[in-house]
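This report refers to the structure that appears directly beneath it.
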Amino acid sequence: MAERRLPSAHWWYLRRAQNRKPATYRCPLCGRYLPSLSEHILMVPEGDSSRRRHAHTKCVMAARARGRLPTRQEWLATQPRPPGLWRRLLAFLRRASR
């Protein structure tokens, strides 16, 4: 199952959804249609709801198992952390003593 037409994003907001209207969506992960009124996953890249996509639950779970579609918390855990208050204070005191 290759990811198709998936917007580029560092992290994804994922939530369960169910069509309450007879609309048909195409899964961006497998390219097949989601049946009308079926339960599925709503994928929102980096919280931008204008780029949201609807996908099969199985496709999303498979992509997550392969390490794709990280959540915001998972992505933040990989980012360098800014220096803490104590470290910034020490740096300030070193600069002030020069």
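The values are calculated or read from the model by the stated rules, or taken from the named source; none is laboratory data. Here the structure is a predicted model, which means the values were calculated and not measured. We place every Cβ from the backbone using ideal geometry, glycine too, and count neighbours over all the protein chains shown. Ligands, DNA and RNA are stripped out before the accessible areas are found, and what is left, the full protein with its side chains, is counted by its heavy atoms. Shrake-Rupley method; radii C 1.70, N 1.55, O 1.52, S 1.80 Å.
Some values worked out for this structure:
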| quantity | calculated |
| --- | --- |
| All-pairs Cα distance distribution in the chain, expressed in whole percent, bin size 10 Å | 15, 37, 20, 10, 10, 7, 2, 0 |
| Positive dipole terminus of the chain, leading residue within 25, 85, 49 (C-beta point charges) | 85 |
| Of all accessible heavy-atom area on the chain, the percent that carbon and sulfur account for (1.4 Å) | 53 |
| Solvent-accessible area per residue for the chain (1.4 angstrom probe, square angstrom) | 75 |
| On Cα atoms only, tilt of 85-96 relative to the major axis of the chain in degrees | 40 |
| D (Stokes-Einstein, µm²/s), Kirkwood Cα radius, segment 1-58, 1.567 mPa s at 4 °C | 112 |
| Size of charge dipole - the chain - debye, nearest 20, with Cβ of Lys, Arg +1 and Asp, Glu -1, no other charges | 300 |
| Value of [θ]222 nm, deg cm²/dmol, for the chain, DSSP H segments ≥ 4, -39500 (n - 2.57) each, nearest 500 | -8000 deg cm²/dmol |
